[in-house]
Amino acid sequence: MVDNTFFELSSIVQSNLLSLSDTKTGVSLEEFGIIIDTVCNSLAKIPSTDESQNAIKQLEVNKPLGKLGPQRISELYTSLSKFIIQAASQNISSSQLESKLKTFNWSSEKIDRLMKVFLINQSKIQAVLRLYGSSPPKLVDVNWRLDYRLETNTRGPVHELMYIIELILEDKGRREPLTFTASHAELEDLVNTLKDACHSVKRVALV
């Protein structure tokens, strides 16, 4: 049996992976193959800021996946990505991987398909994870202050309020500040974007 401590998967991810075992309303072997190929190929590349979104958009316009719909495709792509990242970062053995996949009650064909494409891309995915880490730094604190800018080197006199924001990030026990400036309008735009992100998380949590 596989040690479940290797896989710290959320209940949503586990639910999405378990749903792949449903032969009536689930995902066919062909559909599964297209998604897992895209996941592993994407994770094996040095990521750009919109790599995941581009990959999901490509899946959404893939005709064989048409009946799944954008939301279902996004959920499966995200959940399979998190699973693959866990497997690669923990460097688990083939037997451990197979044992874990069996707990999702997948067909042997789906298990074989994932294992095959994962093993082909495993070393590349691990190389990317070593470069960028398996998870980004965590935001642990925020400091800010309001400043009044009189002029700039390029624009001359401006007389405007400027926010100085300091994000405190923690990565592997080490804390580092990330400082940036923003105007009132830019800060409002940032806050609205973060609110949209929070609403998206809430919607996913209700699925």
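The values are calculated or read from the model by the stated rules, or taken from the named source; none is laboratory data. Keep in mind the model is a prediction, meaning the values are calculated, not measured. Here the Cβ positions follow ideal geometry from the backbone for every residue, glycine too, while neighbour counts run over all protein chains shown. Surface accessibility is based on the protein's heavy atoms, side chains included, excluding ligands, DNA and RNA. Shrake-Rupley method; radii C 1.70, N 1.55, O 1.52, S 1.80 Å.
Which ones in the range 72-117 are over 15 Å from the mean Cα position of the chain (by Cα), in a helix (DSSP H, G or I) and over 18 Å from Glu30 (Cβ atoms)?
Taking the range 72-117 and keeping what is over 15 Å from the mean Cα position of the chain (by Cα), we get 72, 90-117.
Subsequent filtering for residues that are in a helix (DSSP H, G or I) retains 72, 90, 94-102, 108-117.
Answer for the range 72-117, where residues must be over 15 Å from the mean Cα position of the chain (by Cα), in a helix (DSSP H, G or I) and over 18 Å from Glu30 (Cβ atoms): Gln90, Ser94, Ser95, Gln96, Leu97, Glu98, Ser99, Lys100, Leu101, Lys102.
Every test in (1) more than 30 Å from Glu176 (Cα to Cα); (2) open to solvent by less than 40 Å² (accessible area, probe 1.4 Å) is passed by Thr103 save one, and that test is (2). Residues of the range 62-91 that are farther than 14 Å from Asn16 by Cβ and crowded, with 19+ Cβ neighbours inside 10 Å: Leu65, Ala87, Ala88. Please determine, by comparing only the residues of the range 1-46 that are of a type in the set (Ser, Thr, Tyr) and modelled with pLDDT of 75 or more, which one is surrounded by the fewest Cβ atoms within 10 Å (Cβ to Cβ). If we take residues in the range 1-46 being of a type in the set (Ser, Thr, Tyr) and modelled with pLDDT of 75 or more, then Ser11 is surrounded by the fewest Cβ atoms within 10 Å (Cβ to Cβ).
Does Arg130 qualify as being open to solvent by 70 Å² or more (accessible area, probe 1.4 Å) and either in a strand (DSSP E or B) or at pLDDT 85 or above (or both)?
Details: open to solvent by 70 Å² or more (accessible area, probe 1.4 Å): yes; either in a strand (DSSP E or B) or at pLDDT 85 or above (or both): no.
For Arg130, the condition - open to solvent by 70 Å² or more (accessible area, probe 1.4 Å) and either in a strand (DSSP E or B) or at pLDDT 85 or above (or both) - is not met.
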